[in-house]
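Each remark here refers to the structure printed beneath this line.
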Amino acid sequence: MDEFNAANPGVRIEMSFMPWDVFFRSLLQAYSAGGGPDLAAFDSTRVAQYAKKGVLAPVDDWFAADPASNVLVTAATEAVAYDGRKYAVPMTFTSLKLHYNRELFTRAGLDPDRPPTTWDEWREAMTRLTVDRDRDGRPEQYGLALPDHDTTPTWPIALWGGGGDVLEADGRRSALTRPESVSAVRTWVDLIREEHVSPIGLSGLEAEAAFSRGEAAMVITGPWAISGFQEAGVDFDVAPVPAGPVTQATFGATTSLALNASLSPAEKAAAHAFLSFWVSEGAQEHWMERS
């Protein structure tokens with residue numbers, strides 16, 4: 001923001017941060033009253049909800065005018081579309097990765113420079129990294145911390161890798177009873193229930209905390225957790241989520257920048273200038289290195 005303001009003396013961007021629950025509780029109310037922020041950054045899954053209410057300005061003209069839009073992640077640009085128009089510009093695109101403890105890998109006789117790349121290798125690593133010294137079914141060390149609530153979704157990754165899904169392609173029918181879905185879930189349920197490779201009932205925060213304490217050797221999470229792992233002194237590395245028997249898949253989350261529908265032409269031009277600055281190569285490198 002400081003760099004943009006310095007380079008654009010006629011425009012000033014001011015930032016305001018708030019927790020998600022406060023943000024979403026106040027955003028629509030502010031927009032409906034004719035106020036609200038000129039630019040709002042939030043999860044792309046919410047874009048359609050606000051676009052439908054007419055409080056966001058379409059940004060198709062920005063996409064058409066700025067060549068940088070052509071290199072944005074396709075899944076991220078598709079996520080901001082509603083009723084044939086785009087209503088936001090991707091600000092960040094985060095994919096979940098496998099984070100693993102190099103020290104615990106070495107102790108278990110696993111090569112920390114060769115993390116698992118397939119489900120078979122992953123299964124072997126998880127079982128070798130699960131340590132239940134008194135054999136009471138409650139390991140002192142788990143191979144994986146797999147959260148199931150209050151987290152960026154990780155269970156769909158297990159479905160996709162095995163060829164299953166949550167919904168069919170039409171988005172109207174459940175795919176959970178598809179044989180591939182059932183087989184994928186059974187694989188993971190057996191690993192957790194029979195092999196005890198992960199605790200049951202973890203939130204995302206609890207899974208990351210278990211990894212930070214060395215109580216779990218692996219966790220699937222995003223870059224927001226890295227600073228916490230570093231502060232905890234964990235010797236960790238990052239790798240792609242291992243490929244399932246059908247495909248390799250992970251979960252991607254996008255935060256996007258939306259424009260207030262009530263902006264004046266001058267304000268809209270200034271907002272477009274900031275969007276172009278944000279997606280520029282230099283700004284993206286700056287963001288990547290620090291986040």
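The values are calculated or read from the model by the stated rules, or taken from the named source; none is laboratory data. Note that this is a predicted model, so its numbers are computed, not measured. We place every Cβ from the backbone using ideal geometry, glycine too, and count neighbours over all the protein chains shown. Heads up: the accessible areas ignore ligands, DNA and RNA and are worked out on the full protein's heavy atoms, side chains in. Shrake-Rupley method; radii C 1.70, N 1.55, O 1.52, S 1.80 Å.
Here are a few things to note about the model shown:
- Cβ pairs under 9 Å, 6+ apart, first in region 242-260 and closer than 20 Å to A40 by Cα, second part of a loop (DSSP other than H, G, I, E, B) and among the charged types (D, E, K, R): L259/D38; N260/D38
- Meets criteria (at pLDDT 95 or above and not small (G, A, S)) for P115: yes
- Test for W155: is it open to solvent by 60 Å² or more (accessible area, probe 1.4 Å), of a type in the set (F, W, Y) and either over 27 Å from T254 (Cβ atoms) or in contact (Cβ under 8 Å) with a residue 60 or more places away in the chain (or both): no
- Every listed requirement among (1) touching a Pro at 6+ places or on another chain (Cβ under 9 Å); (2) under 30 Å from R128 (Cβ atoms) is met by T77 save one, (2).
- Subset of region 105-150 that is surrounded by fewer than 18 Cβ atoms within 10 Å (Cβ to Cβ) and in a helix (DSSP H, G or I) - its residue that is farthest from the chain's Cα centre (by Cα): R107
- Complete set of residues in region 4-34 that are open to solvent by 100 Å² or more (accessible area, probe 1.4 Å) and either acidic (D, E) or over 26 Å from the mean Cα position of the chain (by Cα) (or both): P9, R12, E14, Q29
- Scanning region 18-43 for residues that are of a type outside the set (S, T, Y) and farther than 21 Å from D150 by Cα yields a count of 12.
- Qualifying residue in region 152-171 (condition: at pLDDT below 95 and over 25 Å from T94 (Cα atoms)): yes
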